[in-house]
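Visitor: My structure is below; once you've seen it, I'll send some questions.
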Amino acid sequence: KNVFLPKLKEKGVERIFYEVENPLVKVLTAMEFEGIRIDESFLNDYSKTLEKEAKQAEESVYQQAGVRFNLASPKQLGEVLFDKLKLIDKPKKTKTGQYATGEDVLAGLSPKHDIAKRILDFREYEKLRSTYVDALPKMISKTDGRVHTDYRQAWAVTGRLSSNNPNLQNIPIRTEKGRLIRKAFIARSDE
């Protein structure tokens, strides 16, 4: 207090501290304590759906490639796409000399080559499943059956709030499959 109080005066931010930041602490604490109800059965069902769709995408890739390989290996994927199938005349390489198989490369290929689209589909389904759909139920408190995130008021450089464990700001919205995850969050009025 003795260190920071003079700095508040010096910077001219006393009013913001006392009228905005301090009262917000109580609100955020209440939100953290309250938590969020998650529809665990929806997520469990959705996990099975995503697993099935990922498997279909993976099988489609193997069928189009004419060979089974480790789809999670960028090295093997690059060899299949660029050595075996020759999708590009001069494919980009990484600093380590492997073929670049990142999302940007595959997105550029996907309009002309269905295999690239199916690889992107596989990656999306697996990421959604592992990062959100399977992870959120593990964060449900055994005490009250709710997920309790940590809201961080002074974490982001931009001044916005952030949340952690889980980061609720990262729940996907760009794709239809990602948006479906939001259906698992149950509003207090719907309980």
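Visitor: Restricting attention to the range 153-188, which residues are open to solvent by 60 Å² or more (accessible area, probe 1.4 Å), assigned to a loop (DSSP other than H, G, I, E, B), closer than 30 Å to LEU120 by Cα and touching a residue at least 12 places away in the same chain (Cβ under 8 Å)?
Guide: Within the range 153-188, ASN165 is the sole residue that qualifies.
Visitor: Just to verify a result, which residue in the range 63-93, among those that are in a loop (DSSP other than H, G, I, E, B) and open to solvent by 60 Å² or more (accessible area, probe 1.4 Å), is nearest to ARG123 (Cα to Cα)?
Guide: Filtering the range 63-93 for residues that are in a loop (DSSP other than H, G, I, E, B) and open to solvent by 60 Å² or more (accessible area, probe 1.4 Å), the one nearest to ARG123 (Cα to Cα) comes out as ALA72.
Visitor: Additional query: Are any residues in the range 11-34 touching a Lys or Arg at 6+ places or on another chain (Cβ under 9 Å) and either surrounded by fewer than 10 Cβ atoms within 10 Å (Cβ to Cβ) or not in a helix (DSSP H, G or I) (or both), and if so, which ones?
Guide: Correct list: VAL13 only.
Visitor: Can you name the residue in the range 94-103 that is surrounded by 12 or more Cβ atoms within 10 Å (Cβ to Cβ) and among the hydroxyl-bearing types (Ser, Thr, Tyr) and, of all such residues, is farthest from ASP83 (Cα to Cα)?
Guide: Taking the candidates together, the pick is THR94.
Visitor: Go through the range 104-150 residue by residue and tally those that are under 18 Å from the mean Cα position of the chain (by Cα), surrounded by 12 or more Cβ atoms within 10 Å (Cβ to Cβ) and not β-branched (Val, Ile, Thr).
Guide: Of the residues in that region, 19 qualify.
Visitor: Okay, moving on. Give the residue that is nearest to LEU28 (Cα to Cα), with candidates limited to residues of the range 140-152 that are hydroxyl-bearing (Ser, Thr, Tyr) and touching a residue at least 60 places away in the same chain (Cβ under 8 Å).
Guide: TYR151
Visitor: Shifting gears a bit: Is the range 52-62 home to any residue that is under 30 Å from SER162 (Cβ atoms), assigned to a helix (DSSP H, G or I) and either at pLDDT below 95 or open to solvent by less than 60 Å² (accessible area, probe 1.4 Å) (or both)?
Guide: There is at least one residue in the range 52-62 that is under 30 Å from SER162 (Cβ atoms), assigned to a helix (DSSP H, G or I) and either at pLDDT below 95 or open to solvent by less than 60 Å² (accessible area, probe 1.4 Å) (or both).
The values are calculated or read from the model by the stated rules, or taken from the named source; none is laboratory data. Here the structure is a predicted model, which means the values were calculated and not measured. FYI the Cβ positions are ideal-geometry reconstructions off the backbone, even for glycines, and counts take in every protein chain you see. To get the accessible areas, we keep the full protein, side chains included, count just its heavy atoms, and leave off ligands, DNA and RNA. Shrake-Rupley method; radii C 1.70, N 1.55, O 1.52, S 1.80 Å.
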